[in-house]
């Protein structure tokens, strides 16, 4: 049909936007030859990242994370419950990831996004196996009461790298989390103590405390296309070049997850090493951004 | 220092493999794959006309349905469906039958560790049985990091008990090994033969970066053995296409 020739001839006549829609792969490859992407980023650079802590005032811990246009809102609510019999001195964390129709034109109400349960499960596995939260810290009275933390992450804008933004929002929400003060009332039940002046009830924990975080996980998604490795893809890039590798490292450089779900491009050792090196750089950037956000909150 | 495995295997020894094709007569292709006690049944229907709403009509589409042994379909099943779909899409030649859907059904018969690798192997054999055009086969292996550090120990094909006890495990999928008739050997990309490339990798638990690369090495060695098993199996069992004779 002569399509490659047709695009070559048309490229001088067709407008940039039309060319982008009609021949997306050629559009991107023209940019990749110059080692740059359509949004003027070099191949290895991630988009601008911001974290805002305390976005949801009524939650015990919350954060809003933005990587470029991808926006995630994470909120944690704590509830007291009876611990399970096998682990009487451990609390529990329940992680859920939602993609409401606001986030993307392909998500419609009543038809849940395909990506949502997958990202939810990945997040759950990563956070629970990272050792960031020691579940024993969430225990109140051994065998009788422990904290259950419900972490909900809502995607407000889905523009690629959903897992990265969701993990960042979750981690930021945990760093903002304050466990409320509770005390044991006469029936032996745990209640929230609103006032601190009550002397007839002995509080179980003296003051609102922050959770001690162990090693914090950070991640980076890269797209492999021929010999190029693009860090932090947008939704457009993800839909055109389908092979993605997500590397999760924690602050002590341990590999928590190397996730490559299929894809036409095979990953050789050199490509994996490059992805891991890009992730190490990104971990340092994200650590700095998170520390700035936390110290910004403490000043208030 | 060797690690004592409960069933007496050495660290690089796989469980006994068994594979039979064309076991379901209504399906266009079917296969049953078992590694030790883990057994998975895969059935392929297709290509059928039409693609789903959000899929590209210029290519063939692959749909995966995963049925667990017990219980309702939850996030784990959805995740496995997505991983399997993307893995199979990368090995099938999608431009041969555009605007068609091929359905792959996976039924878990028994889960004793290495479930996802068994399912990928079973699905690949079922696709061969159905005659779906493919670039190469997908050979899948499970590796477990028993001990980290200098005396790192990676064991292959862990059982469910071993997976739960160990620090971390990885499911790896490689293309099958190439027997080349060319005098210069098989083509290589970036100095590495094609069968060293990773199609899919899913890890669980914390391991160091060096442990992961060690898993990759062990996985590649094991995938050569698995490729030989597949080759022998496919050459031996001709598909009984005509029952009339």
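Coordinate-derived values only; no laboratory data. For clarity, every value in this text was computed on a predicted model and none was experimentally measured. FYI the Cβ positions are ideal-geometry reconstructions off the backbone, even for glycines, and counts take in every protein chain you see.
Per-structure values
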| quantity | calculated |
| --- | --- |
| Structure-based [θ]222 nm, chain B - -39500 (n - 2.57) summed over DSSP H runs of at least 4, per residue, nearest 500 | -9000 deg cm²/dmol |
| Between 0 and 90°, nearest 10: helix B:115-130 axis offset from chain B longest Cα axis | 30 degrees |
| DSSP beta bridge pairing in the range A:13-120, given as percent antiparallel to the nearest 5 | 100 percent |
| Cα-based Rg / Dmax (Å) for chain A | 22.8, 86 |
| Viscosity 0.692 mPa s, temperature 37 °C, Stokes-Einstein D of the protein assembly as shown from Kirkwood C-alpha radius, µm²/s | 129 µm²/s |
| Semi-axis lengths, Å, the range B:59-148, gyration tensor of Cα atoms, sqrt of 5 times eigenvalues | 24, 16, 11 |
| Model label zone, residue B:73; criterion: amide N under 13 Å from point 7 Å along Cα-to-beta-carbon; scope the range B:49-64 | B:63-64 |
| Extent along principal axes [Cα atoms of the range A:26-102; Å; largest to smallest] | 60, 31, 24 |
| With eigenvalues of the C-alpha gyration tensor scaled by 5 and rooted, the range B:9-130, Å | 26, 16, 13 |
| Computed log₁₀ I(q)/I(0) - Debye formula, equal Cα scatterers, no solvent, the range A:90-140, q 0.15, 0.23 Å⁻¹ | -0.53, -0.82 |
| Two-decimal log10 I(q)/I(0) for chain B, as the Debye equation yields it once each C-alpha is a single scatterer, q = 0.11, 0.13, 0.14 Å⁻¹ | -0.60, -0.83, -0.96 |
| Tilt relative to chain A, helix A:115-130 - C-alpha long axis, 0 to 90 degrees, to 10 | 50 degrees |
| Added length on full extension, which subtracts the Cα-Cα distance from 0.36 nm per residue, residue B:181 to residue B:37 | 48.1 nm |
| Global form of the range B:89-132, assessed from the alpha-carbon gyration tensor, a/c cut-off 1.5 | prolate |
| Share, in percent, of DSSP beta bridges within the protein assembly as shown that are antiparallel, nearest 5 | 85 percent |
